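Note sheet for the following structure.
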Amino acid sequence: MALFRPASWTGPRRSILSPWSSPALVVLAVLITFVLTAGPILLAGANPIAAYVEFLVVPVTSGFTAIEVLVSATPILFTGAAVAIAFRAGYWNIGAEGQLLLGAIAGAGVGILVGGLPAIVALPAMVAAGALAGAAWALVPALLRVRFGIDEVVTTLLLNPVALLVVNGLLHGPWRDPVTGFPESPRIAAAAEFPALLPGSRLHLGFLIAMAVVAAAWFVLARTPAGLRLRAVGLSPHGARFAGIDVSGTLLRAALVSGAVAGIAGVSEVAGIQYRLTGGLSPGYGYTGIVVATLGALSMPGVALAALFLGDLTVGASSAARALGIPSQLGAVTQGVLLLTTVGLLALRRNRLTRGIEIGGETVAGDVAAGGLPSAATAISEEGEVEQE
Amino acid sequence: MTFTFVFDLLAATLRNATPLVYGTVGETYSERSGVLNLGIEGTMYAGAFAGFAVAFTTGSPLLGLLAALVVGVLAGAVMGLLTVTLGANQHVSGIGLTIGLIGISEFANRLLFQGGELRRIEPMPLLEPLAFLGAPGEIFHQYGLTYIAFLVVVPLAWWVLQRSSFGLEIRAVGDNPEAADAAGINVGRTRYLALMIGGALMGIGGAFFTLAVLGSFTLDIIAGRGWVCVALVIFGRWRIGRGVLGALLFSLLFSLQFRLRILPGFGELPFEVLLALPYLVVILALALSGRNVAYPGAYLKPYRRS
């Protein structure tokens, strides 16, 4: 166990105070992002400092907006955890968006059907259906990867627009609201609605489930043999195989669990916020999950912090729009820039640390900064035909 | 079914294929140099917006086109900075670029054209060089950008990639950067150039919507067509000719479905099934070819001199 203790992300163990430790790097990425986004804020005629205060501080100063931060963090806690689980195994699941939508379809379907049942039956049924649907949507790219070594980046990505088309096909066809005629599904049964955690607020059971999923994922990854195997495969498929680990099986399980967690995100949005399937259910939560996972250094505590941070930013972006007249789309700009500065800095660190050290050209797949085509490498190693690149 | 229907269908096919052709050729250049550019969706979006914003402000569609091209080159350069200079993960960089570019376009859209009425520009004119043919001439009733796509960009891009020494360099750094480096090719510079050329084409492909077809900018204007291009590049096995063929095939089905919908009996098939086709066909094709998919050798790999 000790051999694998230095997490793939942080590389060689390093003091948390080192300027190259992951937390320091993420803080630096946030600072660079603020410098880069000062331009658009100035163009909008606002003071960048005032804007950042509005962005980050104002949301947590009132009870109402602080709760909204948790509401905004809920779906991206799920998708962030989903992406982090897959990335840690070296499986590049870019398809959380589609898996979320399939989960939403299944959740809405069960939610509409369970009218007569008590909530204690209805809610678990919905969550299970969503998890299964998300995992099913993740199955084909995962099988292609472990069977044929077909790169999962493109296959998982391309299934996202397909999932959105399935949603639209349902909403314009069989599930169109029979009463209003709008492209929205009928409302789910009252028993299927996630209860509010605080009376009168939008914070719902989904937040608790999300925190439980993140905690469980942390426990499994950090404290169980299955988690150790997953991290070992992500660090080095060749090494893991040499150590007798079933690389294909581990990858397949990581991909399916990732899809299932993303699927629950869809259920949570349907049952906690929308109460029906709608076309605008997800403004890209699956893609934001990639931002959350990267920012959280692929660790579960990191994912929780990053999701809360981005939730804060989302609520702050709309309050800045009202107070300072900065278009709320600045929230999306910040997310994109943040992702780019974080991967850029991580890559910089990797190059700096490996300068002069020959690491045999092997891709360290668990490191999001590394590129490489782990799929092909793994597939080859499965057969043992070709040795390490 | 009359001949007019066929001519009209072919004309629509060429028109719908135009942005896909620009995007697919652009993505092919990036990927052949060894960089999967998932920034394509955002680059097309930013090209569409920048093209419209400049054309609307200056009154000149040509300046708009130039702006789309410049934005595309810049987007390609940012992708190069991340994936070539820093060696960052290509797919995460590409997704980040797409999120950022769509965000900044919508941000600027709110800032410049806040609310109010839909702003329009005079769309680029349609050319009709073969009008004297009558009905068949309708096929050639196209925008200038469509002519440029099929008569200039595709042949030139093919020739450069397959026949010129620069194209050889692109393919070399994409297949085996170590060998290319040993042969004296500047791997980083070549990848930057391929990304910037690819970005320029993506930007123009996006601007085709705002400057030619619609004459206005609307949110979600690209609507996943960048991802279609990513699919078409694989469908075409990283070859320009086959990628363009794929774009034409998809556009033909798309245009056909659009026309058949209004006929009784065809309305039953959900439109979405057809739209999902290019994605599903690519995944099916990958599954069928199994282990024989010939990815560019350095696909997804950053290059570091050791």
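Observations
- From B:Thr57, B:Thr85, residue being surrounded by fewer than 23 Cβ atoms within 10 Å (Cβ to Cβ) and more than 10 Å from every other protein chain (Cβ to nearest Cβ): B:Thr57
- Any chance A:Ala142 is among the hydrophobic types (A, V, I, L, M, F, W, C), surrounded by 24 or more Cβ atoms within 10 Å (Cβ to Cβ) and either part of a helix (DSSP H, G or I) or within 12 Å of another protein chain (Cβ to nearest Cβ) (or both): yes
- Given (1) farther than 23 Å from A:Arg145 by Cβ; (2) open to solvent by 20 Å² or more (accessible area, probe 1.4 Å); (3) part of a helix (DSSP H, G or I), number of the condition B:Val281 does not satisfy: (1)
- Selection within region B:285-306 - under 22 Å from the mean Cα position of the chain (by Cα) and in a helix (DSSP H, G or I): B:Ala285, B:Leu286
- Some residue of region B:118-141 being more than 7 Å from chain A (Cβ to nearest Cβ), assigned to a helix (DSSP H, G or I) and under 30 Å from A:Tyr287 (Cβ atoms): no
- Of the criteria (1) surrounded by fewer than 16 Cβ atoms within 10 Å (Cβ to Cβ); (2) at pLDDT below 90, which one A:Ser21 fails: (1)
- Checked against (1) β-branched (Val, Ile, Thr); (2) surrounded by fewer than 24 Cβ atoms within 10 Å (Cβ to Cβ); (3) in contact (Cβ under 8 Å) with a residue 40 or more places away in the chain, A:Val153 passes all but a single condition, namely (2).
- Residues located in region A:231-257, provided they are open to solvent by 20 Å² or more (accessible area, probe 1.4 Å) and either in a helix (DSSP H, G or I) or in contact (Cβ under 8 Å) with a residue 60 or more places away in the chain (or both): A:Arg231, A:Leu235, A:Ser236, A:His238, A:Gly239, A:Arg241, A:Phe242, A:Ser248, A:Leu252, A:Arg253, A:Leu256, A:Val257
- Flag if B:Gly94 is within 12 Å of chain A (Cβ to nearest Cβ) and in a loop (DSSP other than H, G, I, E, B): no
- Pick from region B:212-254, criterion surrounded by fewer than 19 Cβ atoms within 10 Å (Cβ to Cβ) and among the hydroxyl-bearing types (Ser, Thr, Tyr), ranking: nearest to A:Tyr287 (Cα to Cα): B:Thr218
- B:Leu74 within 14 Å of chain A (Cβ to nearest Cβ) and at pLDDT below 95: no
Rundown of residues vs (1) under 22 Å from A:Thr79 (Cβ atoms); (2) touching a helix residue (DSSP H, G or I) at 6+ places or on another chain (Cβ under 8 Å), yes/no style:
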residue	(1), (2)
A:Val146	no, yes
A:Ile150	no, yes
A:His172	no, yes
A:Thr180	no, no
A:Glu193	yes, yes
A:Leu205	yes, yes
A:Thr224	no, no
A:His238	no, yes
A:Val261	yes, yes
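- Test result for A:Val166, within 30 Å of B:Leu288 (Cα to Cα) and open to solvent by 50 Å² or more (accessible area, probe 1.4 Å): yes
- Residues of region A:68-108 that are more than 24 Å from A:Leu228 (Cβ to Cβ), open to solvent by 10 Å² or more (accessible area, probe 1.4 Å) and either in contact with a Ser or Thr (Cβ under 6 Å, 6 or more places away or on another chain) or free of Cβ contacts under 8 Å to residues at least 24 places away in the same chain (or both): A:Ser72 alone.
- Where a residue in region B:147-175 is charged (D, E, K, R) and its partner, wherever it lies, is open to solvent by less than 40 Å² (accessible area, probe 1.4 Å) and at pLDDT 95 or above, with Cβ under 6 Å and at least six apart: B:Glu169/B:Ile185; B:Glu169/B:Thr190; B:Arg171/B:Arg32
- The set of residues in region B:220-238 being on the phi < 0 side of the Ramachandran plot, touching a Ser or Thr at 6+ places or on another chain (Cβ under 9 Å) and not in a helix (DSSP H, G or I) consists of B:Ile221, B:Gly236.
- Check on B:Leu36, within 27 Å of A:Leu345 (Cα to Cα), assigned to a loop (DSSP other than H, G, I, E, B) and either touching a helix residue (DSSP H, G or I) at 6+ places or on another chain (Cβ under 8 Å) or open to solvent by less than 30 Å² (accessible area, probe 1.4 Å) (or both): yes
- Look at (1) among the hydroxyl-bearing types (Ser, Thr, Tyr); (2) within 29 Å of B:Leu86 (Cα to Cα); (3) assigned to a loop (DSSP other than H, G, I, E, B) and you find that B:Ser216 fails only one, number (2).
- Within region A:282-303, the set of residues being open to solvent by 20 Å² or more (accessible area, probe 1.4 Å) and assigned to a helix (DSSP H, G or I) comprises A:Tyr285, A:Tyr287, A:Pro301.
- Candidates A:Leu221, A:Leu252, A:Leu205, A:Leu230 - the one that is among the hydrophobic types (A, V, I, L, M, F, W, C), in contact with a Pro (Cβ under 6 Å, 6 or more places away or on another chain) and at pLDDT 95 or above: A:Leu205
The values are calculated or read from the model by the stated rules, or taken from the named source; none is laboratory data. Predicted model, so just to flag it, every value in this text is computed and none were measured. For neighbour counting, all protein chains shown are included, and Cβ atoms are generated from backbone atoms with ideal geometry for every residue, glycine included. Ligands, DNA and RNA are excluded from the accessible area calculation, which covers all protein heavy atoms including side chains. Shrake-Rupley method; radii C 1.70, N 1.55, O 1.52, S 1.80 Å.
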